[in-house]
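Colleague: Have a look at this one before I ask anything.
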Amino acid sequence: LRIVLLDRRVVKTYRIDGSKVGSKADFFTEIGRAVNGDGGYFGSNLDALADCLCDDAWAAPAGGDVPGQVLVIGGSAALKTADPEGFDTLCAVFAAAADYWREAGVPFWVFFDLPADGLADLPILPA
């Protein structure tokens, strides 16, 4: 998946494989792998994840402008089913990161691979 903005900036896309996630620790391992490669760190709890998501170091590791980021989370239905409350909290963390980057003028999107009937259950977050 390659996303190019109208001004021709290429947005960085990270794929998280939810099928490899059986616990919260697995989620943090998988997002670390997706963003930073095998053995990569990207938080070990939701507070640390929030810090990582709002850190320019991951968004533009070579310095310079942050072009934007997209997280694509496959197998999201299993994550949501295993821990519905935790999934809602995770959505809130992603929403806070989206707000942070929006204020900085940087695109940030998170896409969940959910069956159509799962969309109705996503939490409604304040605008």
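The values are calculated or read from the model by the stated rules, or taken from the named source; none is laboratory data. Fair warning: this is a prediction, and the values are worked out from it, not measured in the lab. Reconstructed Cβ throughout: ideal geometry from the backbone, glycine too, with neighbour counts over all protein chains shown. Just so you know, the surface numbers come from the protein's heavy atoms only, side chains and all, with ligands and any DNA or RNA stripped out. Shrake-Rupley method; radii C 1.70, N 1.55, O 1.52, S 1.80 Å.
Colleague: Taking the stretch 98-112 as the region of interest, how many residues are over 12 Å from the mean Cα position of the chain (by Cα) and either in a helix (DSSP H, G or I) or among the charged types (D, E, K, R) (or both)? Explain how you work it out, then say what you get.
Modeller: First, the residues of the stretch 98-112 that are over 12 Å from the mean Cα position of the chain (by Cα): 99-107.
From the residues that got through so far, the ones that are either in a helix (DSSP H, G or I) or among the charged types (D, E, K, R) (or both) too are 99-103.
Number of matching residues: 5.
Colleague: When you check Asp113 against the structure, is it surrounded by 15 or more Cβ atoms within 10 Å (Cβ to Cβ) and either in contact with a Pro (Cβ under 8 Å, 6 or more places away or on another chain) or at pLDDT 80 or above (or both), yes or no?
Modeller: On the way: surrounded by 15 or more Cβ atoms within 10 Å (Cβ to Cβ): yes; either in contact with a Pro (Cβ under 8 Å, 6 or more places away or on another chain) or at pLDDT 80 or above (or both): yes.
So Asp113 passes the test.
Colleague: Has the stretch 5-19 got at least one residue that is open to solvent by 20 Å² or more (accessible area, probe 1.4 Å), modelled with pLDDT of 80 or more and within 17 Å of Thr89 (Cβ to Cβ)? Explain how you work it out, then say what you get.
Modeller: Initial filter on the stretch 5-19 (open to solvent by 20 Å² or more (accessible area, probe 1.4 Å)): 5-10, 12-15, 17, 19.
Checking which are modelled with pLDDT of 80 or more leaves us with 12-15, 17, 19.
Within this subset, residues satisfying the condition of being within 17 Å of Thr89 (Cβ to Cβ) are none.
No, that holds for no residue.
Colleague: Moving on. Go through Ala95, Ala25 for me and flag whichever is at pLDDT 90 or above and assigned to a helix (DSSP H, G or I). So that I can check it myself, show each step before the final result.
Modeller: On the way: Ala25 fails: at pLDDT 90 or above.
The unique qualifying residue is Ala95.
Colleague: Shifting gears a bit: For the stretch 28-68: of the residues being closer than 16 Å to Val106 by Cα and modelled with pLDDT of 80 or more, which is most open to solvent (accessible area, probe 1.4 Å)? Spell out the reasoning first.
Modeller: Of the residues in the stretch 28-68, the ones closer than 16 Å to Val106 by Cα are 52-61, 63-68.
Still in the list and also modelled with pLDDT of 80 or more: 52-55, 68.
Working: Cys52: 24, Leu53: 0, Cys54: 41, Asp55: 73, Gly68: 0 Å².
Once the filter is applied, the top-ranked residue is Asp55.
Colleague: Looking for something of a type in the set (Ser, Thr, Tyr), at pLDDT below 90 and surrounded by fewer than 15 Cβ atoms within 10 Å (Cβ to Cβ) - is there at least one such residue anywhere in the stretch 73-87?
Modeller: Residues of the stretch 73-87 that are of a type in the set (Ser, Thr, Tyr), as a first pass: 76, 81.
Checking the rest, the ones that are also at pLDDT below 90 come to 76, 81.
When the remaining residues are screened for being surrounded by fewer than 15 Cβ atoms within 10 Å (Cβ to Cβ), the result is 81.
The answer is yes, given that some residue of the stretch 73-87 is of a type in the set (Ser, Thr, Tyr), at pLDDT below 90 and surrounded by fewer than 15 Cβ atoms within 10 Å (Cβ to Cβ).
Colleague: Please name all residue pairs, on different chains or six or more residues apart, with Cβ atoms under 6 Å, provided the first residue is in the stretch 72-95 and is farther than 21 Å from Arg15 by Cβ and the second residue is open to solvent by 20 Å² or more (accessible area, probe 1.4 Å).
Modeller: Asp88/Pro123
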